[in-house]
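The values are calculated or read from the model by the stated rules, or taken from the named source; none is laboratory data. The model shown is predicted, which means the values in this text are computed figures rather than measured ones. All Cβ positions, glycine included, derive from the backbone under ideal geometry; neighbour counts span all protein chains shown.
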Amino acid sequence: MKDGVSIFFRDHFLSDQIGFVYSRWPKEQAVSHFISELEHRARAADSDSAHVFVALDGENAWEFYADGGYPFLDALYEAMTASDLIEPVTLAQYLNTHGPGIPLQQLKPGSWISGDFTTWIGDPVKNRAWELLSDAWMVAQDSLDKPEASRLRTLMLRAEASDWFWWFGEGHVSIHEREFDYLFRQNLRAIYEELDMAVPRELDQPIGDEKWALPIKQPSARISPKISGKRGGFYKWIGAGSSEFAQGSIHRLNPVIAKIKFGYDYETFYMRLEGVEPLKQFFEADGSLTIEIHQPTQKTLAVLDGQLMLDDKPVPQAKVATGEIMEISLPMKLLCAESNRFTLEFHLVLRTGELEAERFPWDSTITVDVDPYGFELTNWFI
């Protein structure tokens with residue numbers, strides 16, 4: 001068809017020989033076998049327009065070949081050009097010589113895996129990733145064609161890569177799934193940042209399995225620690241919940257925050273941040289902290305010049321002390337005015353100047369079950 005799309009159907013056997021078999025063979029034997037198969041097809045052909053289309057399923061094969069496959073490919077092309085029955089050409093060269101083939105009235109949609117699209121779409125995790133990508137594309141589409149939008153186009157193309165969806169959800173397993181999840185969301189975050197738009201809070205939450213979430217120890221008793229910014233005071237934090245830095249394969253050598261403790265009494269919520277180095281050093285070097293709260297209501301708290309701020313105003317009755325560690329107290333009503341029993345979900349962002357230096361947890365959030373009257377019901381003795 002003059003105005004249609006030309007479709008080539010690949011030789012599955014020969015394509016998979018290169019993709020999955022020849023890397024284990026001696027180079028000469030692999031080349032000889034491939035040429036023999038091609039020449040056999042050439043002799044059986046009944047037309048001078050006969051062709052064999054070889055296409056690999058991806059680039060992964062070459063990492064299993066010696067020297068990245070270059071010696072094999074050099075020998076293969078040398079053997080093909082030396083054959084009287086074989087002429088290596090591109091698809092465009094073939095079409096320029098022979099023209100389009102037989103028109104197709106219909107073609108079943110699907111992929112080379114199982115003949116459908118379940119590898120990339122269909123289960124809840126994959127679908128959620130597509131929804132987040134669609135949201136980003138919708139806000140970016142009017143800007144993608146602008147001459148100055150080169151980086152935006154790069155970010156969008158990167159987010160649309162099929163490999164993300166290959167690893168999300170069911171079908172394939174990798175020890176790096178947690179990191180893939182994080183990198184995908186970071187790329188979507190960058191799209192919103194490139195557009196100078198607020199980043200959706202859902203991009204702070206893993207798309208994938210809940211087992212990736214950072215282990216969190218919930219508070220076991222009410223606490224009322226004195227806010228001092230000094231290490232020690234072990235007993236005043238007994239009963240606090242905690243969460244520690246978890247190293248992924250995205251390795252951070254010296255995290256600013258190594259551990260967070262948290263707890264509450266009837267009127268106040270407390271946080272204690274512990275670092276590898278004294279936290280005072282970070283904040284004296286143009287460092288700042290924001291507490292991004294997702295539940296029960298969304299709000300952003302900032303620690304600036306030793307004060308806890310909300311909407312650029314100091315929070316009444318809040319306290320901040322920074323020394324070896326950082327300790328913070330804030331009114332419970334600031335978190336939830338309607339009830340003293342609620343779920344608090346948050347994460348921390350550390351910045352140096354205007355640049356994000358660290359996020360804790362690095363790929364998820366901390367969830368705390370707040371109920372200052374509930375400890376007597378769960379921790380009782382006879």
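Just a few scattered comments:
- Count - residues of the stretch 300-333 that are free of Cβ contacts under 8 Å to residues at least 60 places away in the same chain, under 17 Å from ASP286 (Cβ atoms) and either in contact with an Asp or Glu (Cβ under 8 Å, 6 or more places away or on another chain) or not charged (D, E, K, R) (or both): 6
- Meets criteria (part of a loop (DSSP other than H, G, I, E, B), under 17 Å from the mean Cα position of the chain (by Cα), polar (S, T, N, Q) and more than 24 Å from ARG10 (Cα to Cα)) for SER174: yes
- Residues of the stretch 341-357 classified as over 15 Å from ARG189 (Cα atoms) and acidic (Asp, Glu), total: 2
- Cβ separations smaller than 8 Å between residues 6+ apart or across chains give the following pairs from the stretch 75-91 residues that are assigned by TED's automatic domain parsing to the domain that holds ARG41 to residues that are hydroxyl-bearing (Ser, Thr, Tyr) and not in a loop (DSSP other than H, G, I, E, B): ALA79/SER32; PRO88/TYR77; PRO88/THR81; VAL89/THR97.
Residues are listed down the side, and each one gets a yes or a no for (1) surrounded by 14 or more Cβ atoms within 10 Å (Cβ to Cβ); (2) closer than 30 Å to ASP204 by Cβ; (3) over 25 Å from the mean Cα position of the chain (by Cα):
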position	(1), (2), (3)
ASP48	no, no, yes
TYR77	no, no, yes
VAL89	no, no, yes
LEU95	yes, no, yes
THR119	yes, yes, no
ASP123	no, yes, no
LYS126	yes, yes, no
ALA136	yes, yes, no
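- Taking the criterion of being touching a strand residue (DSSP E or B) at 6+ places or on another chain (Cβ under 8 Å) and either over 18 Å from TYR77 (Cβ atoms) or not in a loop (DSSP other than H, G, I, E, B) (or both), the only residue of the stretch 35-67 that qualifies is PHE53.
- Pairs meeting the criteria (first residue in the stretch 185-200 and closer than 17 Å to GLU148 by Cα, second residue in a helix (DSSP H, G or I) and of a type in the set (Gly, Ala, Ser), beta carbons under 6 Å, at least 6 apart or on different chains) are ILE191/ALA136; ILE191/ALA140.
- Test: residue in the stretch 365-376 that is outside any strand (DSSP E or B) and of a type in the set (Phe, Trp, Tyr): yes
- Qualifying residue in the stretch 58-65 (condition: more than 35 Å from the chain's Cα centre (by Cα) and under 30 Å from TRP166 (Cα atoms)): no
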